[in-house]
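Undergrad: What follows is a single structure, and I will ask about it in a moment.
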Amino acid sequence: MIDKRASKYSFVGVELPPVVRRNIRSMAGYKPGEQPPPGSMIKLNTNENPYPPSPLVEETWRNLDYAKLRTYPDPQAQALRRTAAEKFGLKPEQIIAGNGSDDLLTIGVRTLVDQGEGLAYTDPSYSLYPVLGRIQGARGIPVALGSDFQLPPRLQKTIADVPLLMLARPNAPTGTTFPLERIRQLCRKFRGVVWIDEAYADFAEDNCLELIDEFPNVVISRSLSKSYSLAGMRVGLAFARSGLIEEMMKVKDSYNLSLPAQKLGEAALRDEEYMQNNIKLIKAEREKTSRALTEFGFTVLPSQANFIFTRPPLPANEYMEELRQRSILIRHFAGERTGDFVRITIGQPEEMRLLLEATKDIIRKMT
């Protein structure tokens with residue numbers, strides 16, 4: 001019970017402090033994909049890269065001076081930003097580094113969206129976007145994609161007075177993309193900031209990096225979790241005009257990227273050949289799996305990511321549970337637009353072979 005003698009913010013013996021903000025109490029937090037004990041399942045549910053990081057990353061890891069861990073890392077991640085600038089043809093002041101791209105998305109919302117203002121995002125899309133908006137006390141403005149999961153023609157009218165639009169390209173969880181020229185038109189007409197989340201860009205046919213030079217209202221974020229196999233290190237980068245980066249630098253946590261993460265991120269970026277070889281393997285397996293599932297009667301959306309979004313010829317949640325019984329994890333997103341589909345991460349060839357064998361058995365049993 002609350003101690004009436006104390007200030008109005010004091011509490012004694014209550015489970016939930018009365019000072020917790022109303023929007024936090026009323027919201028549901030983001031739910032990451034399930035992380036089973038290592039080796040217990042074939043894990044095709046969280047879009048991790050099935051191959052280890054570059055040998056250069058391993059060498060850098062082994063040569064890290066552990067004594068330096070007693071000191072703070074570079075708060076600006078300057079060496080990492082210089083390496084990224086060299087790789088992507090930008091200036092270091094056009095880049096901000098973060099604890100994964102999720103950290104950068106948080107920084108973006110905190111920098112650009114005031115309480116009560118609107119945060120726009122497509123629907124369906126990455127389910128973290130509306131959560132970040134609620135935490136900020138912003139109004140979530142979902143923009144429904146068309147039946148083909150493409151941007152609606154009247155998008156600009158829907159978001160005319162919104163300071164920030166978050167747009168995943170390729171989109172998650174669908175794996176589909178939006179034409180580059182359509183994105184260019186949007187950036188030209190939109191008065192707010194267009195944040196293009198390119199976590200899966202390395203698996204796609206093109207990307208939006210060139211738009212940084214064309215428009216002052218564009219931010220592009222990338223993750224080293226997917227194509228560079230560094231999900232466990234949490235390294236992300238965002239690119240924009242230097243003035244916008246400078247403002248976001250004010251908002252980020254002082255030391256938001258650890259020393260090991262900065263060093264291993266540098267090493268990963270320097271081994272482009274290794275990363276591209278893994279991309280080729282994943283894309284080849286993606287196409288092979290898509291063809292096989294289509295032959296089983298699945299509807300498979302054209303993917304430009306390291307996963308496929310597919311509608312099984314049986315209830316999607318039942319298919320997912322049947323795979324779980326066979327120690328294979330995939331992901332199902334409940335909802336009117338997504339509930340008939342499952343998302344399957346592309347794993348190594350043997351993992352995908354086992355998935356297809358299990359699927360064939362499930363189809364035979366249940367249809």
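Throughout, read-outs are computed from the coordinates displayed, never taken from laboratory work. Quick caveat, the model's predicted, so the values are computed rather than measured. We place every Cβ from the backbone using ideal geometry, glycine too, and count neighbours over all the protein chains shown.
Undergrad: In whole Å and largest first, what semi-axes does the C-alpha gyration tensor of segment 217-336 yield when each eigenvalue is scaled by 5 and square-rooted? It would help to have the intermediate numbers written out before the result.
TA: Numbers: eigenvalues 249, 66, 48 Å².
Rounded to whole Å, the semi-axes are 35, 18, 15.
Undergrad: So for each of 168-174, 134-140 I average, over its residues, the number of other beta carbons within 10 Å; can you give me the resulting order with the highest mean first?
TA: Numbers: 168-174: 24.6, 134-140: 17.9.
So the peptides 168-174, 134-140, ranked by packing, come out 168-174, 134-140.
Undergrad: While we're on this one: How high is the relative contact order of segment 64-270, in percent, with contacts defined as C-alpha pairs under 8 Å that are six or more residues apart? Could the numbers behind the result be given before it?
TA: Values: 379 pairs, mean separation 57.5, N = 207.
Taking the mean separation of contacting Cα pairs over the length of segment 64-270, I get 28 percent.
Undergrad: Have a look at the DSSP beta bridges in the chain and tell me what percent are antiparallel, nearest 5. Numbers along the way, then the final one.
TA: Working: 16 of 36 bridges.
Antiparallel: roughly 45 percent of the beta bridges in the chain.
Undergrad: If packing is taken as the average number of other Cβ atoms within 10 Å across a peptide's residues, how do 202-211, 40-49 rank, most packed first?
TA: Working: 202-211: 17.4, 40-49: 20.1.
By packing density, highest mean first, the sequence is 40-49, 202-211.
Undergrad: Quick query: amide H of VAL143 versus all other amide H atoms, modeled in the peptide plane; which residues come in under 5 Å with a sequence gap of 5 or more or a different chain?
TA: TYR121, THR122, ASP123
Undergrad: Taking only C-alpha pairs under 8 Å that are 6+ residues apart, what is the relative contact order of the chain in percent? All intermediate terms of the calculation are to be shown ahead of the outcome.
TA: On the way: 646 pairs, mean separation 78.5, N = 367.
With pairs under 8 Å counted, the relative contact order is 21 percent.
Undergrad: Could you check the spin-label model distance between GLU246 and SER40? Points 7 Å from the Cα along Cα→Cβ, value in nm.
TA: Spacing of the two 7 Å Cα→Cβ label points: 5.1 nm.
Undergrad: Rounded to whole Hz and in sequence order, give me ³J(HN,Hα) for segment 51-57 from the Karplus expression 6.51 cos²θ - 1.76 cosθ + 1.60, θ = phi - 60°, writing x for Gly and Pro.
TA: My calculation for segment 51-57 gives 10, x, x, 4, x, 5, 5 Hz in order.
Undergrad: Using helices alone, what [θ] at 222 nm do you get for the chain, with -39,500 (n - 2.57) per DSSP H run of 4 or more residues, divided over all residues and rounded to the nearest 500?
TA: Values: 13 runs with 138 residues, N = 367.
Computed ellipticity for the chain at 222 nm equals -11500 deg cm²/dmol.
Undergrad: Starting at the first residue of segment 276-287, write each ³J(HN,Hα) from the Karplus equation 6.51 cos²θ - 1.76 cosθ + 1.60 with θ = phi - 60°, in whole Hz, x for Gly and Pro.
TA: Karplus-based 3J(HN,Hα) across segment 276-287 equals 5, 5, 5, 4, 4, 5, 5, 5, 5, 5, 4, 5 Hz.
Undergrad: What nm distance separates the two modelled labels at ARG191 and ALA28, each placed 7 Å from Cα along Cα→Cβ?
TA: 3.5 nm
Undergrad: Which lysines does LYS87 reach when only Cα atoms under 16 Å apart count, and residues fewer than 8 places away in its own chain are ignored?
TA: LYS87 reaches LYS263.
Undergrad: Taking the Cα atoms of segment 64-270, what is the range of coordinates along each of the three principal axes, in descending order and whole Å?
TA: The Cα atoms of segment 64-270 stretch 56, 37, 28 Å along the principal axes, largest first.
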